[in-house]
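*Asks:* Okay, handing you the structure first.
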Amino acid sequence: MLKVTLPNSSVLEVEPGTTMLEVVKKIGPGLAKSAIAAIYNGKELDLSRTLSQDGDLRVLTHQNPESLEIVRHSTAHLMAMAVTELFPGTLLTIGPVIENGFYYDFDSPHKFSPDDFPAIEEKMKEIAKKDYPVERSEMPRAEAIAYFKDPAHREPYKVEMMEEWTDDTVSFYKQGPFSDLCRGPHVPGTGKLQHFKLLSVAGAYWRGDEKRPMLQRIYATAFLTKDDLEKHLFQLEEAKKRDHRKVGKELDYFHIEEGSPGMVFWHPRGWRLYSNLMSYISAKLSRRGYQEVRTPEVVDKSLYVKSGHVANYSDLMFFTQSENREFVIKPMNCPCHVEIFKQGIKSFRDLPIRLAEFGKCHRNELAGVMHGLMRVRGFTQDDAHIFCTVEQIADEVADFCRLLQEVYADFGFSDIIVKLADRPEKRVGSDEVWTKAEAALKEACERARLGYIMNPGEGAFYGPKLEFTLKDSLGRHWQCGTIQVDFNTADRLGAEYVASDGSKHPPVMLHRAVFGSLERFIAILIENFGGDLPLWMNPQQVRILPVSEKFVDAAQELNRKILDAGLISEVDVRNDKIGFKIREGEREKVPYLVILGDKEIQSGKISLRKRKTGDLGAFSLDEALEKFKLEISSKGA
């Protein structure tokens, strides 16, 4: 008999070969009805799996968050079944779970569009209602390959994947007449799949290789409850309204042209916002001992060969030639900062040296992954590199974390997730150096009292890192800030300092950024605030609206006084009615509108309107300026 230990420490005894579902039924028929899958000895399993050893059992239902990925994976199969029934001749590839949903890639003679979604969803509901049992089976890999090569069951993409695998057997999941190659686990029956929605369709190269066939990817989502699905769909609709590409165009911030893909044309208001952010972070850095520098955008290739970037990053780099020399269009700033460090002899007394740069970088992103300001080819980082000793790492990381929290709070972000990403498979440097770097970063987190979760294998190729992820007003997560411990780059490029005993050592480099790229951070801000940027960062803080043309001169004089007070102000000189000007100011999300007409001229006061609030009443100019400055000083409060 096998002993099955339950979460309450009670033990059930069952015969070997008993299915997981039979065990769950012994616990209670109600639980069996609601069960999705099980965790046995720490491994997620289908309810159809049989037991062969003692173990600890935890049953997963709709109440457990672990069930969500299983439901989404099973819904991907449900969608694939519906698509192949509706569109004969469709070939299957893969259908993985992703953040907030799943997708399935199809090779189909039919060109999918959102117009097909209602029919596909209806077919999915029909299949779910039939509550087909989802049954797992295994087959020798060679036999499975032969099966899918047979014209009657032709699935060439499945064959290609299996030919690369080394397992002797492969597993399948069958529901009704449909079967798909899969490791699982899955729900016990299609009736468990009730709350789903198809979202979009896009092109995707097979295995991300532009030389391979172009497939059709249908994105979708599924949730454990109807309420969760409706909440998510509401957030998606809200996100569409806040899309930075749409809002940025409406506010006249920027545009991107086909003739310069992935490069941003900043308009006056957008560049003012950009400059505001640079000035803000520059002041923060200056107070913490950073020195700003500027390095070239075109650099001899040999520097990036020595640093290891060409060997590990060349797919994303731009190259150019001149006078029989090969150059790199700078993809990152760190090698150039090392070159500045190397100028002149450095002593241990000089460390830490903190070099900051709003460094313009270029990366050769594929056209299919570029997305507004979120993913571009030309961008600026709020980059800095701290050259320090091993003993200084913890203090420098702790100080950076305090800076980062202070900055994010000013922008209204208080919910921050910290991840520690350790060594990736593709990396430079010895395992000994990596172990040292990872240990130093963990120690720094402990000294800074910074909680973190591990992100295995996701470090940079030259060192481990902390990643800081923000949660926005819609509950979405954005990875922005980072600090990376690098024992390799300075050494590879010949940088060194003189220690207290006269010996020479390469400094440790800490690569760090708060915003990440300014382009992406601006996109996040636009979407987080829906374009209603707080007064302190807004590129159009005050707009003066003369009631008629005869008040334009007075409005211009008032404008000069507001500008002299350090605010950003402009005059709407259009010969339109005041109602229209107010509506335009609201549409363009100007925080404050100043009305100037006969009443205001005679009283010596201005009429003030705040966006979304409306008329605030009459203020003297000094009172209004004091109000503006108080709101600006409060920042994220």
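*Asks:* May I ask for the angle, rounded to the nearest 10°, between helix 226-242 and the longest principal axis of the chain, with both axes built from Cα atoms and the value confined to 0 to 90°?
*Replies:* Tilt of helix 226-242: around 30 degrees.
*Asks:* Can you give me the Rg/Rh ratio for the chain, using Cα atoms for both radii and the Kirkwood formula for Rh?
*Replies:* Ratio of gyration radius to Kirkwood radius: 1.03.
*Asks:* I've got another one for you. Please give the charge dipole size of region 92-212, origin at the Cα centre, charges +1 on K and R Cβ atoms and -1 on D and E Cβ atoms. Round to the nearest 20 debye.
*Replies:* Result for region 92-212 is approximately 320 debye, rounded to the nearest 20.
*Asks:* How large is ³J(HN,Hα) for each residue in region 100-106, as worked out from phi by the Karplus curve 6.51 cos²θ - 1.76 cosθ + 1.60 (θ = phi - 60°), to whole Hz, x for Gly and Pro?
*Replies:* Here the 3J(HN,Hα) series is 6, x, 7, 9, 9, 9, 10 Hz.
*Asks:* Taking the Cα centre of the chain as origin, work out the dipole magnitude from +1 charges on Lys and Arg Cβ and -1 charges on Asp and Glu Cβ, in debye rounded to 20.
*Replies:* With only Lys, Arg, Asp and Glu charged at Cβ, the dipole is about 1120 debye.
*Asks:* Among Phe223, Phe529, what is the fewest-to-most ranking by other Cβ atoms within 10 Å?
*Replies:* Lowest to highest Cβ neighbour count: Phe529, Phe223.
*Asks:* Could I ask something else about it? Quick one: which of Lys550/Lys610; Lys465/Lys612; Lys231/Lys419; Lys346/Lys426 span more than 30 angstrom between C-alpha atoms?
*Replies:* Result: Lys465/Lys612; Lys346/Lys426 exceed 30 Å.
*Asks:* So, one more: Quote the FRET efficiency, to the nearest 0.05, computed for Asp622 versus Glu121 with a Förster distance R0 of 51 Å and r equal to the Cβ-Cβ distance.
*Replies:* It comes to 0.25.
*Asks:* Would you kindly state how much longer the chain becomes between Glu22 and Gln602 on full extension, computed as 0.36 nm times their sequence separation minus their alpha carbon distance, in nm to one decimal?
*Replies:* Extending this stretch completely gives an extra 200.1 nm.
*Asks:* Considering the convex hull of the alpha carbon atoms of region 401-548, report its projected area averaged over all viewing directions, in nm², one decimal.
*Replies:* 13.0
*Asks:* While we're here: With everything on Cα atoms, drop me the angle between helix 393-410 and the longest principal axis of the chain, reported from 0 to 90° to the nearest 10.
*Replies:* Helix 393-410 and the main axis of the chain meet at about 70 degrees.
*Asks:* Using a Förster distance of 60 Å, how high is the FRET efficiency between Asp131 and His371, based on the Cβ-Cβ distance and rounded to 0.05?
*Replies:* Step by step, r from the Cβ atoms, then E = 0.95.
*Asks:* What order do you get for Leu233, Leu470 when you list them from fewest to most C-beta neighbours inside 10 Å?
*Replies:* So the residues, fewest neighbours to most, are Leu233, Leu470.
*Asks:* Now a separate question. Toward the positive end of the charge dipole of the chain, about the Cα centre and with charges on Cβ (Lys, Arg +1; Asp, Glu -1), which of Tyr147, Ser137, Tyr205 goes farthest?
*Replies:* It is Tyr205.
*Asks:* For a quick size check, give me the Cα extents of region 2-60 along its three principal axes, largest first, whole Å.
*Replies:* So the extents along the principal axes, rounded to whole Å, are 24, 21, 20.
*Asks:* Another one. Can you sort Ile27, Ile524, Ile453 so the residue with the fewest Cβ neighbours within 10 Å comes first?
*Replies:* With the sparsest Cβ surroundings first, the list reads Ile453, Ile27, Ile524.
*Asks:* Here's something else I'd like to know. For the chain, what does -39500 (n - 2.57) per DSSP helix run (n ≥ 4), summed and divided by total residues, give at 222 nm, in deg cm²/dmol to the nearest 500?
*Replies:* Using -39500 (n - 2.57) per qualifying helix, the result is -11000 deg cm²/dmol.
*Asks:* To continue, here is another question. Does region 319-454 classify as rounded, prolate or oblate by the C-alpha gyration tensor (a ≥ b ≥ c root eigenvalues; a/c under 1.5 gives rounded; else a/b over b/c gives prolate, otherwise oblate)?
*Replies:* Note, shape of region 319-454 comes out oblate.
*Asks:* Suppose a student asked you for the relative contact order of region 2-60, using Cα pairs under 8 Å spaced at least 6 residues apart; what percent would you report?
*Replies:* 42 percent.
*Asks:* What ranking do 554-562, 380-388 get when scored by the average of other Cβ atoms within 10 Å per residue, highest first?
*Replies:* Taking the mean over residues of other Cβ atoms within 10 Å, the ranking is 380-388, 554-562.
*Asks:* Can you find, among Val433, Trp536, Ser279, the residue farthest towards the positive end of the dipole of the chain? Put +1 on the C-beta of Lys and Arg, -1 on that of Asp and Glu.
*Replies:* Selected residue: Trp536.
Bear in mind these aren't lab numbers, they're just calculated from the coordinates by the rules spelled out. Nothing here was measured: the structure is a model prediction, and the numbers come from that model. With ideal geometry, Cβ positions are generated from the backbone for all residues, glycine too; neighbour counts draw on all protein chains shown.
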